[in-house]
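The values are calculated or read from the model by the stated rules, or taken from the named source; none is laboratory data. These figures come from a predicted structure and were not determined experimentally. Note that we place each Cβ from the backbone using ideal geometry, even for glycine, and neighbour counts take in every protein chain shown.
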Amino acid sequence: MSPIKAAIPWPNGKGYLFDGANNQYLRYDFHSGTQDQAPQPIAPMWPGLRPNVPDAAVYWGFGKVYFFYGDEYVRFDIGNNAVDPGYSPPLKIAGNWPGWPGHWTDFIDAAVNWGNGKIYFFRKSEYLRYDISQDRVDPGYPIPINPNWPGVWPDNLDAVLYQGGEKAYFFKGSEYRRFDLTTNNVDQSGHISTLTLDRVPPGIWTPSRDLTLDQANLIIGYLIQNGKFSLSSTQTPYAGNWMNTIVSPQPASKVVVKPANIDGVDFIHEAGPAPVIDNLDQRMLICLYRLTRWVNSSEPNVTVIRHMGIGHGSGPPTDCHNQGRALDLSGLEGSSMGVPFIRKVLHDWGTKPVILENPMRLNQLADPLAHDLFRTVFLFATFECECNGIGPGNKWPPKEISDVGGFVIHPDYIDHPPPAQQLRFNHQDHIHMQIGPTRI
C-alpha cells in the first residue's frame, strides 16, 4: 500500500485516507474499523478539489473541512459538497491564521481535530495547537513533536487520523502508529496494509444536535464502556454492548447519570448538590461529555460545572429543559496554574458594566480566565447545540456573542427583534444551550 499523505474523519461514520502515490482515497468504516470500498479517485467525490492528494486535511466542525496544498488552502462545505465561495483560487496560509508562525507558511505535513476545540498542525519536527473558540494559535507554540507525543515519529509525519474515540493513528511512509489517548503513548504499530481501525460508533463525529436517537444510544454505550460516566444501576441501568446490542437503555429513554460526574467533572446544581443528573435526553448527555472535553482541552483544569437546570425547568412538559434537552450553565470551578478559581456567569459577566462600542462585557485584559472560559462554552454550544436554526436550519457561520438572536443565550444576548431584550434580561446569570426546538 502506498503512503497515506492525508487523513480525515467525516461526520458520516467514515474515515478517509488519501493515497499519495495514486491520487486516490481509501474509505474506512467507523463501526467495523475496516476498509469498506475499493480505492476511489479524488475528483468525483470531492468536487472543486485538485485531483492530487492534499498535504493535509482537517475537519473543523459545523460542516466545514480545510484542505492544504503547499502554502495554500481551501475550505470545503460538506452540506453543499463543494468548495466554499471565496476559496477559488485558494487562499494563502500566510496572513489568514492568527498567531501562525512565519516559518510555517510554506507547507504543513499533517493536521488533526482532537475533538475538544483544538486543532493540531504538524510540520517537520514541530507542531502547534490552534484554538477554535479563540481563533488563534495557542501561546507558546510551535514546540517539538518529541518528547510531547511519546512513541510518535519525531519529524516529517505524513498524516494523522483521529476518529473521536480513545485512539489516534499517525502515518509515515508505509507504517502507522496507534496513539492511545488514555495512556498518552503509542500502543500499536505496523505496516499500513495491516491497518484495522479501533471500532467507534458511527455518529461519534456528528454534532450533538444532528444525532439520531439510535446514534446517541450507541455513543452512550461506547462512553460508558470506556469509563466516561455511569448510569444509575437501579433507575436506567446499562446492559449490553454497543458493538452488538444495547439492551438497556433504549434509544428514546431518558437516562439518569449517577454519580453526577462526567469524565471527571462534577455537575452541581446551584439549588444544592444532587447525586444524579436525571431525566436526561441521550443526545444532551453526549453534549455534556463533549463540553467537559472542550473546557479541559488545555490550562486551566476545570473540575466543576455549575448549572441552574438540565433535566427540569419551570415551563410546560414540552419545554426543552423538562425534556432533558437543555443546559443552563452558571459557572465553572477548578484550578489555574495550581491556584483554585471560581467563575460565575452572573458575578464575572452579567453584573459587569456595559462597555461602549463593545458588545461583549467579558474583558480579556481585566479577567482573561473568565473571558476564555465563557467564550469557549459559548463557541462550543454554537458548534454542538442549536445555533442559528434548528437541526438542518443551522448554517455557517456560527453565531458570535455580538450577533443578534440565536439559540445560545447569554448575558450579552441581543434579542431578535429588539428592543425588548427580555431574553437578555432573563439570562444574566447563565448560558443557555439546547438540543432540538425550545418546545415540541
- prompt: Looking at the stretch 293-308, which of the residues that are in contact with a Ser or Thr (Cβ under 8 Å, 6 or more places away or on another chain) and of a type in the set (A, V, I, L, M) is surrounded by the fewest Cβ atoms within 10 Å (Cβ to Cβ)?
  reply: 308
- prompt: Are there any pairs with C-beta distances below 8 angstrom linking a residue in the stretch 363-375 that is at pLDDT below 95 to a residue that is in a loop (DSSP other than H, G, I, E, B), with the two at least 6 apart or on different chains, and if so which?
  reply: 363/352
- prompt: Only one residue in 127, 162, 176, 169 is without any contact (Cβ under 8 Å) to a residue 24 or more places away in the chain and either more than 21 Å from the chain's Cα centre (by Cα) or not assigned by TED's automatic domain parsing to the domain that holds residue 384 (or both). Which one?
  reply: 127
message: aliphatic (A, V, I, L, M), touching a residue at least 60 places away in the same chain (Cβ under 8 Å) and over 27 Å from residue 64 (Cβ atoms): which single residue out of 219, 224, 192 fits that description?
response: 192
field: Only listed residue being more than 18 Å from residue 398 (Cα to Cα) and within 23 Å of the chain's Cα centre (by Cα), chosen from 94, 111
entry: 111
task: Mind telling me which of the residues 316, 353 ends up being assigned to a loop (DSSP other than H, G, I, E, B), in contact (Cβ under 8 Å) with a residue 24 or more places away in the chain, exposed (fewer than 14 other Cβ atoms within 10 Å of the Cβ) and not β-branched (Val, Ile, Thr)?
output: 316
message: Out of 87, 169, 120, I need the residue that is out of contact with any Cys (no Cβ under 9 Å at 6 or more places or on another chain), in a loop (DSSP other than H, G, I, E, B) and under 26 Å from residue 206 (Cβ atoms). Which one?
response: 87
- prompt: Before we move on, is residue 56 among the aliphatic types (A, V, I, L, M) and touching a Ser or Thr at 6+ places or on another chain (Cβ under 7 Å)?
  reply: no
task: Out of 314, 336, report the one residue that is more than 24 Å from residue 223 (Cβ to Cβ), assigned by TED's automatic domain parsing to the domain that holds residue 212 and either of a type outside the set (Gly, Ala, Ser) or in contact with a Pro (Cβ under 9 Å, 6 or more places away or on another chain) (or both).
output: 336
The stretch 378-391, residues that are among the aliphatic types (A, V, I, L, M) and either surrounded by 22 or more Cβ atoms within 10 Å (Cβ to Cβ) or modelled with pLDDT under 95 (or both): 379, 381
task: For the stretch 42-54, state whether one or more residues are out of contact with any Cys (no Cβ under 7 Å at 6 or more places or on another chain), without any contact (Cβ under 8 Å) to a residue 12 or more places away in the chain and not acidic (Asp, Glu).
output: yes
- request: List the strands (runs of 3 or more DSSP E) that sit entirely inside the stretch 177-292 and contain at least 2 residues that are surrounded by fewer than 16 Cβ atoms within 10 Å (Cβ to Cβ).
  value: 185-191, 246-248
